[in-house]
Protein chains: 2
Amino acid sequence: MSRQAKVAVVLSGCGVYDGSEIHEAVLTLLALDRAGARARCFAPDIAQRHVIDHRTGKETKESRNVLVEAARIARGQIEDLKTFDAKEFDAILFPGGFGAAKNLSSFAFDGANCQIDPDVARAVKAMHAAKKPIGALCIAPTLIAKLLAPVEVTIGSDAGTAKAIESMGAHHTKTAHGDVVVDRANRVATSPCYMLDATISQIADGAQNTVTAVLEMVGT
Amino acid sequence: MSRQAKVAVVLSGCGVYDGSEIHEAVLTLLALDRAGARARCFAPDIAQRHVIDHRTGKETKESRNVLVEAARIARGQIEDLKTFDAKEFDAILFPGGFGAAKNLSSFAFDGANCQIDPDVARAVKAMHAAKKPIGALCIAPTLIAKLLAPVEVTIGSDAGTAKAIESMGAHHTKTAHGDVVVDRANRVATSPCYMLDATISQIADGAQNTVTAVLEMVGT
């Protein structure tokens, strides 16, 4: 890959319990920049499923918008996922956080029977059809499993989530910190990140290794 | 420094325009973890000065709490700055973002005549009196300038901010990406980060270099 890779990063809010996991999102953007890729952030322009007070873990009465909150991580440089065009990108990446399972899909509530946000589904299917690589961290591989089964993914070692992935018709491989599962036929790379009890350095490793695996598949 | 350093990281919300700059905060936590230090996050339990829609840059009608929003960056593991005890820490660090100049102080509105949040002032003065190192990124060095003048700090090259720092009685040194100004007598290390037009890799360098400078001063 000689020219600068263009990579879409799809966010789902801002905060692990109701949006994108912030460390995973930032460390994905860092790994892309360090690799010389150009990242553009996207999020769907939809209401968050709910708002969680991250200090208490309790739901609040507020309502927030996924795109508006995700703009905090992107320092304002973010686009509506509805405008995503697979032709403009070499790869797409999904950091984790409950937002992937609450806003980008209903996995947190419906498990294997989850619905996927239509713009997320369109983006993933378009990249897959164009044989462009897809990366996903933490709980976000559940989106890919639902959309691209029979694909091989990992979310680490959580038995319930692994079982849900298998019941979607996808294949789950158990992994540890920093491991990346690469399904080369489907050009999908996944890593557990905070689905395991991890340090922030281990998250940096997982994001870095996933970005490396994804960029290695660009153009192959 | 043989034993594990204990470092307080003071956050000011969650998002560059009304809280902590997220990349600076995350990359400070990463640099501390990579260096083997133990970080504990703090924020004041106060209302944000205002809430900014990070997509449009405009103020919204919402009200949010600095500690509750900062908990998003800290994944819930955060303490009220009122409970900060300098005896428990080897160093203290302030990532930047407008929250440092809007919530931790009134610098964004009042410049050199700004007020400093009382818990921030208490924490900084206690660490300084105990000869424990203090680090600050981006706009946060203005807090240190106000509290510890005549101290030497940097915010990069912004002429207006530099002038305000000088008029507080502190000394400003112009710097570029990744540079750290160390005032060894006061045990203060500062770096410009996003006060310059920077890439996220340059922010990682600035945070890393500041953490290194701070940890080198622990116990000296």
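The values are calculated or read from the model by the stated rules, or taken from the named source; none is laboratory data. All values reported here derive from a predicted model rather than from experimental measurement. Cβ coordinates were reconstructed from backbone atoms using ideal geometry, including for glycine residues, and neighbour counts include every protein chain displayed. Ligands, DNA and RNA are stripped out before the accessible areas are found, and what is left, the full protein with its side chains, is counted by its heavy atoms. Shrake-Rupley method; radii C 1.70, N 1.55, O 1.52, S 1.80 Å.
Any residue that is more than 27 Å from A:L81 (Cβ to Cβ), of a type outside the set (S, T, N, Q) and within 13 Å of chain A (Cβ to nearest Cβ) - is there at least one of those in the range B:47-65? Checked against the condition, which is being more than 27 Å from A:L81 (Cβ to Cβ), of a type outside the set (S, T, N, Q) and within 13 Å of chain A (Cβ to nearest Cβ), the range B:47-65 yields no hits at all.
Of all the criteria given as (1) of a type in the set (A, V, I, L, M, F, W, C); (2) within 21 Å of B:K125 (Cβ to Cβ); (3) not in a helix (DSSP H, G or I), the one not satisfied by B:I165 is (3).
For every residue, the table says whether it meets (1) at pLDDT 95 or above; (2) in contact with a Phe, Trp or Tyr (Cβ under 6 Å, 6 or more places away or on another chain); (3) buried (at least 24 other Cβ atoms within 10 Å of the Cβ).
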{"site": "B:K6", "(1), (2), (3)": "yes, yes, no"}
{"site": "B:Y17", "(1), (2), (3)": "yes, yes, no"}
{"site": "B:T28", "(1), (2), (3)": "yes, no, yes"}
{"site": "B:A37", "(1), (2), (3)": "yes, no, no"}
{"site": "B:A43", "(1), (2), (3)": "yes, no, yes"}
{"site": "B:R55", "(1), (2), (3)": "yes, no, no"}
{"site": "B:K82", "(1), (2), (3)": "yes, no, no"}
{"site": "B:D85", "(1), (2), (3)": "yes, no, no"}
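Exactly one residue out of A:T220, A:T199, A:T173, A:T210 is modelled with pLDDT under 95 and either of a type in the set (S, T, N, Q) or crowded, with 24+ Cβ neighbours inside 10 Å (or both), and it is A:T220. Number of residues in the range A:20-30 that are within 9 Å of chain B (Cβ to nearest Cβ) and in a loop (DSSP other than H, G, I, E, B): the value is 1.
Report yes if some residue within the range B:58-78 is more than 17 Å from the chain's Cα centre (by Cα), farther than 26 Å from A:K61 by Cβ and either open to solvent by 10 Å² or more (accessible area, probe 1.4 Å) or hydroxyl-bearing (S, T, Y) (or both); otherwise report no. Scanning the range B:58-78 turns up no residue that is more than 17 Å from the chain's Cα centre (by Cα), farther than 26 Å from A:K61 by Cβ and either open to solvent by 10 Å² or more (accessible area, probe 1.4 Å) or hydroxyl-bearing (S, T, Y) (or both). Taking the criterion of being within 12 Å of chain A (Cβ to nearest Cβ), touching a Leu at 6+ places or on another chain (Cβ under 8 Å) and within 19 Å of B:T83 (Cβ to Cβ), the only residue of the range B:1-19 that qualifies is B:V9.
Residue under question is A:P95, and the condition is that it be open to solvent by less than 10 Å² (accessible area, probe 1.4 Å) and within 14 Å of chain B (Cβ to nearest Cβ); does it hold?
It is true that A:P95 is open to solvent by less than 10 Å² (accessible area, probe 1.4 Å) and within 14 Å of chain B (Cβ to nearest Cβ).
Screening B:N186 against (1) in a loop (DSSP other than H, G, I, E, B); (2) under 30 Å from A:L27 (Cα atoms) leaves a single unmet condition, (2). Looking only at the range A:102-113, count every residue that is surrounded by fewer than 20 Cβ atoms within 10 Å (Cβ to Cβ) and assigned to a loop (DSSP other than H, G, I, E, B) and tell me the total. Of the residues in that region, 1 qualify.
Here A:D33 fits the description: within 7 Å of another protein chain (Cβ to nearest Cβ) and closer than 27 Å to A:P192 by Cβ.
In the range A:78-85 there is no residue matching the filter, namely being in contact with a Lys or Arg (Cβ under 7 Å, 6 or more places away or on another chain), within 14 Å of chain B (Cβ to nearest Cβ) and free of Cβ contacts under 8 Å to residues at least 12 places away in the same chain. Contact map, the range B:192-215: first residue over 18 Å from A:L27 (Cα atoms), second residue open to solvent by 20 Å² or more (accessible area, probe 1.4 Å) and assigned to a helix (DSSP H, G or I), Cβ cut-off under 8 Å, separation 6 or more or different chains; pairs are B:L196/B:Q202.
Look at (1) among the aliphatic types (A, V, I, L, M); (2) open to solvent by 10 Å² or more (accessible area, probe 1.4 Å); (3) under 23 Å from B:C193 (Cβ atoms) and you find that B:A47 fails only one, number (3).
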